[in-house]
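Taken together, the values in this text are just the output of simple stated rules run on the coordinates, not laboratory data. As the structure is a computational prediction, the values presented were derived from the model and not from experiment. So basically every Cβ, Gly included, is an ideal-geometry build from the backbone, and we count neighbours across all protein chains shown.
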Amino acid sequence: MNIVVRYAITLFLFPGGVFALLAGWVLLWLSEESGARVCGTLRRGFTQPLRDCVKLLGKTTSLPAGTEAGGARLLLLLAVVAPLLALVLLPLPGNSAANTIETSGDLLAILLLLLLPVLMPLFLGELLASPYGRIAARREVWRCGLLIGGLLLSTLTIVVQRGALSLSILTLQQLHPSPASVMVNILAGLLFLLCLPALLPPATWGLFSGSPELIAGAYTDLTGAGLALMLLSAALQRVAAGSLLAALFVLPFVTNGLIAQVAAYLATLLFSSLFAGFASGVSKRYSFAR
Amino acid sequence: MFGRRASQHSVWLFPLNSGSCNGCEQEIQALHAARYALEEGGIAFASSPRHADILLLTGIMTPRSQAAARRVWEQLAEPRAIVAVGDCPINGSVFRGAPGFAPAGETLPIDVELPGCPPSPTLILEAIAAAIKLLDQEETGEEETEEEETEKAGAGDEQEEKADDPNEQDEQDEP
């Protein structure tokens, strides 16, 4: 198959484009649905994330006065494009384009692409001329710093253990792994999973929590398409982060053919999304002491 | 077509108190109850006016509130609508004739007027539904037909009658 066609399929159909949007939409809804069931709150409809996004795209877009408009628009676009590019580069089952790339440090590129949407609110807070954005940026620095440190540590462990920075070598199937190697993988994978919420943009903007209070965030002063891009970015990043977890820690140990690999990939996406949703969004119900 | 339906099923509200006794706020807060299930209809309360589609205005427009209310209204991205909730923003209610009082319509372009002191949550939902229709027309550029205008005027009269009779309001509240 022509390399251009291969990349077009990868970018627009699988694992980017159509697949990423559909998977992101389903994962976002499942995360909200399960969170609502646990908290005992009302649930939104299945099509609600899509309806919100379409409505926002139809609204007027404006940025607060005094904003670095060019920089802010570039950051908003990057937040959507970066997870899509990360998905194109990840060697997932069925991604024929990624298997043709053989570079020595593509893991670093993937990490950078996944960290861009995470760091974006920090930069956006400063660019937007918004007091809420600045407050949120300062709040996020420590939380993100700690969690990103954990993510890098777990990735570094795998890099040292498998002796490469190239994804094509890192994701090679582990046919006869030693018990020590399996143990290292499990520990590094668990650390990665625990720190996964850092890779997902904050989902609680106060919009869906039913709280009428003003919650400071980089999104507080965005309108229309800017807000819609943030919703899209949150959905795509959910898919990209789960895909990296699957590619590094799960798929190398699934050696039973393509169908088993696809099943393991989808199960990892679902589990990681639910876990990250619970870790960042679910709070314990208040119980009265009697 | 989907875009049009999307805007009908995704509506974010922002309540603004420009000088209310908090009676209308309590009725608006009651909309959070599971009984009304706003989330299931795609209606949510926005934490920032920049995210909202509909402004729920309560209270008389005091001289000190005017500039702030105008600023809040300017933050809402188009298409947008204002629902004046309760008698105060419409005619001042018990505050009519007080020094500095002016109807909210002189400061902001009110789209839907909902009389009542205070109006019940069900009536507030009906007013929100009327505002959603206006948003939809604004988005598609359609103009209201004469028949629809007559129907709306009739509904407005009914609402006023119900607002005058508190017993009828309670009856309508029953599920």
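Below are the figures for this structure:
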quantity	calculated
Computed FRET value (nearest 0.05) for B:C117 with B:H32, which takes r as the C-beta separation and R₀ as 22 Å	0.55
The range B:78-122 - percent relative contact order, Cα under 8 Å, separation 6 or more	51 percent
Average beta-carbon neighbours from other chains, 10 Å sphere, peptide A:221-232	2
Nonlocal amide H pairs with B:A102, under 5 Å, H built at 1.01 Å	B:M61
Alpha-carbon centroids, the range A:92-147 and the range A:1-72: separation in whole Å	17 Å
Ranked list, fewest to most other Cβ atoms within 10 Å of each Cβ, for B:D136, A:D221	B:D136, A:D221
Formal net charge of residues neighbouring A:W29 (Cβ-Cβ distance under 13 Å; K, R +1; D, E -1)	+1
Distance between modelled label sites at B:R96 and A:T103, nm, 7 Å Cα→Cβ extension	7.3 nm
Theoretical FRET efficiency, 1/(1+(r/R0)^6), r = Cβ-Cβ of A:V81 and B:A68, R0 51 Å, to 0.05	0.85
FRET E, pair A:L156, A:A279, Förster distance 25 Å, beta-carbon r, rounded to 0.05	0.70
Average beta-carbon neighbours from other chains, 10 Å sphere, peptide A:43-56	6
Per-residue ³J(HN,Hα) for the range A:66-72, Karplus 6.51 cos²θ - 1.76 cosθ + 1.60, θ = phi - 60°, Hz, x for Gly and Pro	x, 7, 6, 4, x, x, 5
Spacing of the two label points (7 Å from each Cα toward its C-beta) at A:S181 and A:L112, in nm	3.0 nm
Ranked A:M120, B:M61, A:M183, criterion: other C-beta atoms within 10 Å, fewest first	A:M183, A:M120, B:M61
Protection-proxy order for peptides B:69-79, B:46-56, each taking the mean of Cβ atoms within 10 Å per residue, highest first	B:46-56, B:69-79
Length added when fully stretched, A:N2-A:A65, from 0.36 nm per residue minus Cα-Cα	17.9 nm
Table column - 3J(HN,Hα) (Hz), the range A:109-119, Karplus curve with 6.51, -1.76, 1.60, x for Gly and Pro	4, 4, 4, 4, 5, 6, 7, 4, x, 6, 7
10 Å Cβ neighbours from other chains, averaged over peptide B:32-45	4
Computed over the range A:1-80, Cα set: Rg, Dmax in Å	17.4, 52
Contact order relative to length of chain A, as percent, for alpha carbon pairs under 8 angstrom and 6 or more apart	29 percent
For B:W12, residues with placed amide H under 5 Å, excluding near neighbours	B:A44, B:D53, B:I54
Highest-fluctuation residue, A:E68, A:E33, A:E140 considered, GNM on chain A with Cα pairs under 10 Å	A:E68
Residue order, fewest to most surrounding Cβ atoms within 10 angstrom, among A:T10, A:T41, A:T60	A:T60, A:T41, A:T10
For A:L128, net neighbour charge (Lys/Arg +1, Asp/Glu -1) across residues whose Cβ lies under 13 Å away	0
Coordinate range along principal axes, alpha carbons of chain A, Å, largest first	58, 56, 34
